[in-house]
Amino acid sequence: MSLEPTIITNTPNQQMLSDEDHLKLFADNVLDYAIFTLDTSGRVASWNSAAKRLLGYEEEEILGRHLAFIFTEEESDPGIADSLLMQAGDTGRAESERWHLHKSGSKFWANGILIALKNEDGSLKGFAKILRDLSERVRAQD
């Protein structure tokens, strides 16, 4: 067994993927985490298959909607989405566990991380939201 590192090179028959294509493949193949991106104003710019499953929306019906749609009415009234966007913009990230809202109106408990996406010069380009359903854990604790 060799301990030498394996170097993988592309052959002429292999198709090169862009960084953007790699990231899309990654996001689409993550099954347990809803991953979506937001523009600088907090509106949905991309949506993975787990986000569709967890939140119930097709990508076409969610693009352009503000982040506030995932929070329950009780959470969205005080402006939790705007507060999280501001915190992530200022510090680089915002994390919380709270109730979220499925398209059907049902609620689920989830851990969410909102990450600021910044250019090399430090200017804000948008946000990434990662959401994981923890409802089973909460039910087990109750």
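The values are calculated or read from the model by the stated rules, or taken from the named source; none is laboratory data. Note that the coordinates shown come from a computational prediction; the quantities given were computed from them, not determined experimentally. We place every Cβ from the backbone using ideal geometry, glycine too, and count neighbours over all the protein chains shown. These area figures cover heavy atoms from the full protein model, side chains too; ligands, DNA and RNA do not enter into them. Shrake-Rupley method; radii C 1.70, N 1.55, O 1.52, S 1.80 Å.
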Report task. Report, by residue number, each residue of the stretch 65-74 that is more than 17 Å from Ala128 (Cβ to Cβ) and open to solvent by 40 Å² or more (accessible area, probe 1.4 Å). Result -> Glu73, Glu74
Report task. Considering every residue within the stretch 93-113, establish whether at least one is surrounded by 13 or more Cβ atoms within 10 Å (Cβ to Cβ) and without any contact (Cβ under 8 Å) to a residue 12 or more places away in the chain. Result -> no
Query raised in the report: Does the stretch 9-56 hold any residues that are part of a loop (DSSP other than H, G, I, E, B), modelled with pLDDT under 95 and not hydrophobic (A, V, I, L, M, F, W, C), and which are they?
Result: Thr9, Asn10, Thr11, Pro12, Asn13, Gln14, Gln15, Ser18, Asp32, Tyr33, Asn48
Report task. With the condition kept exactly as written, say whether any residue in the stretch 114-136 is more than 21 Å from Gly42 (Cα to Cα), open to solvent by 70 Å² or more (accessible area, probe 1.4 Å) and in a helix (DSSP H, G or I). Result -> yes
**Report entry** Residues located in the stretch 60-78, provided they are modelled with pLDDT of 90 or more, in a helix (DSSP H, G or I) and within 19 Å of Leu114 (Cβ to Cβ)
**Finding:** Ile62, Leu67, Ala68, Phe69, Ile70
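What residue, of Ala81, Ala88, is buried (at least 19 other Cβ atoms within 10 Å of the Cβ), within 23 Å of Thr40 (Cβ to Cβ) and modelled with pLDDT under 95?
Only one candidate passes the filter, namely Ala81.
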